[in-house]
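Reading through the structure tokens given below for one structure.
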Amino acid sequence: MREGGEFLPGGRRATIKEVAEAAGVSRSTASRALTGNGYVAEAVKLRVRQAASDLGYVVDAMARSLKQQSTRSIGVLVSDLRNEFYANLAAGASRQATRLGYTMMLIDHQGIPEDELAAAEALVALRVAGVVATPVSADATEFLLRQRIPVVEVDRRFSDGACDAVVIDNRSAARSMTKQLIEQGHRRIALLIDEEDWTTGRERREGYADALEAAGIAQDRKLVVPTGWDVADALEVARELLASSERPTAVFAANNVLAEGVWRAASSLGMRIPDDLSLVAFDDVPWMSMVTPGVTAVDQDAAAMGRTAVQTLLDRIADPAGGTKTVVLSASINQRGSTATPAEVAAPLAD
């Protein structure tokens, strides 16, 4: 190929031998100059790269991976790119991978365990150096580890101790958020949650329960409300909850998608936030600061999680024999206007 991507006469691509001859160096020197593996004097490196550019030469990453048994590529498996959390996590991972000289292959398996495993198999076939995953089961991680592919589980863990992980302290953040509602006078606090089989959901429910127990409030099982994964499911469940005669005075939505469902349900029922209902959420996303009032939410920096996960993965690639580690990142609460003292408490205070 020549500059601009044109092929050499005969429709063939330039070879490393031709680059070496054009630069007046050996093939091994040309290879080192182009891959960055091994020492080459700076002036020689520039001459080789100019020759490669003139010829339109591109390093054959697949051929190199066959020789080295892996590539300078990593895989990232996420659950649902429609969810801003996963999109931001992937963006952070991509920036860190690029900064450190790796390319990233991103696969969205839509939270389907069978598709996640199939994606893991595809990444092994592509000889990735390692994988970052937001797992929905242990199967993909276990498969990758059997293939000696390093894995970092991020956001949640299914293979605790078997591989590295990057997570948020979900339990502590959920406890703090629930405690804040209790301190405002709420006693009937509902937790809208989409799953408890994963560490994220389980730990958020545990933090919610911790705060109620510490305040001496008996946990009402009817206020822990399961729902599906998407806004439509959350909207339907929230409408039923808020229309009941024993509705809660506050709702803690366990993620941003469920919070949107609650917001829409309250609006459809003519309920005012926070006058008629206080609403808080886990996982802050842009719409929560664009509505009026803004939604108070736990802010977990998804991009930072992605960056940290890639760094942890590359550390593991460099030191495969080291002990596994779990990196726990802190979360904060972005205070906005979606909570208030419940009406039945506020009225006697006003008197």
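Observations
- Accessible area per residue for the chain is 48 Å², calculated with a 1.4 Å probe on protein heavy atoms, without ligands, DNA or RNA.
- In order along region 301-317, the phi-based Karplus estimate (6.51 cos²θ - 1.76 cosθ + 1.60, θ = phi - 60°) of 3J(HN,Hα) comes to 6, 5, 4, 5, 4, x, 4, 5, 4, 5, 4, 5, 5, 5, 4, 5, 4 Hz; Gly and Pro are listed as x.
- DSSP loop chymotrypsin sites (Phe, Trp or Tyr not before Pro) with at most 12 other Cβ within 10 Å: longest gap in the chain: 40-351
- Between region 280-351 and region 145-212, the Cα center-to-center distance that results, in Å: 11
- Counting DSSP beta bridges with both ends in the chain, the antiparallel % (nearest 5): 10
- Considering only Gly185, Ser26, Phe143, and ranking their Cα positions along the charge dipole of the chain that arises from unit charges at the beta-carbon of Lys, Arg, Asp and Glu, the one farthest toward the positive end is Ser26.
- Whichever aspartates and glutamates have a C-alpha closer than 20 Å to that of Lys179, once near sequence neighbours (fewer than 8 apart) are set aside: Asp169, Glu203, Glu206, Asp210, Glu213, Asp220, Asp275, Asp276, Asp283, Asp284, Asp299, Glu344
- Once the Cβ-Cβ distance of Glu196 and Glu21 is raised to the sixth power relative to R0 = 45 Å, the FRET efficiency obtained is 0.10.
- About its Cα centre, the dipole of region 110-178 is roughly 220 debye, where the only charges are +1 on Lys and Arg Cβ and -1 on Asp and Glu Cβ.
- Annotation: Lys45 carries an accessible surface of approximately 50 Å², with a 1.4 Å probe and no ligand, DNA or RNA atoms counted.
- The GNM of the chain, with springs linking C-alpha atoms under 10 angstrom apart, assigns the highest mean-square fluctuation among Gly207, Gly38, Gly323 to Gly38.
- Accessible-area value, Thr103, 1.4 Å probe, nucleic acids and ligands omitted, Å²: 80
- Solvent-accessible area, 1.4 Å probe, carbon plus sulfur percent, for the chain: 49
- Cβ-Cβ FRET estimate between Ala41 and Ala321, R0 fixed at 30 Å, reported to 0.05: 0.30
- Excluding exposed DSSP-loop GluC sites (Glu not before Pro) (at most 12 other C-beta within 10 Å), longest clean stretch of the chain: 4-245
- Paramagnetic label reach from Asn334 (point 7 Å along Cα→Cβ; backbone nitrogen cut-off under 15 Å): within region 228-255, residues 255.
- Average projected area [Cα convex hull, region 212-251], square nanometres: 3.4
- Which label in [x] 29, 23, 20; [y] 45, 31, 22; [z] 52, 20, 17 gives the computed semi-axes √(5λ) of the Cα gyration tensor in Å: [z]
- Ellipticity estimate at 222 nm from DSSP helix runs (n ≥ 4, -39,500 (n - 2.57)) divided over the chain, nearest 500: -14000 deg cm²/dmol
- Note on Ser172 and Glu236: the model spin-label points, each 7 Å out from Cα along the C-beta direction, lie 3.8 nm apart.
- Think of the chain as having a plus end and a minus end, set by charges on the Cβ of Lys, Arg, Asp and Glu; of Ser332, Ile74, Gly92, Ile74 sits farthest toward the positive end of this dipole.
The values are calculated or read from the model by the stated rules, or taken from the named source; none is laboratory data. Bear in mind the structure is a predicted one, so any value in this text is a computation, not a measurement. Here the Cβ is made from the backbone with ideal geometry for all residues, glycine too, and neighbour counts use every protein chain on show. Keep in mind that these areas ignore ligands, DNA and RNA; they rest on the heavy atoms of the full protein, side chains included. Shrake-Rupley method; radii C 1.70, N 1.55, O 1.52, S 1.80 Å.
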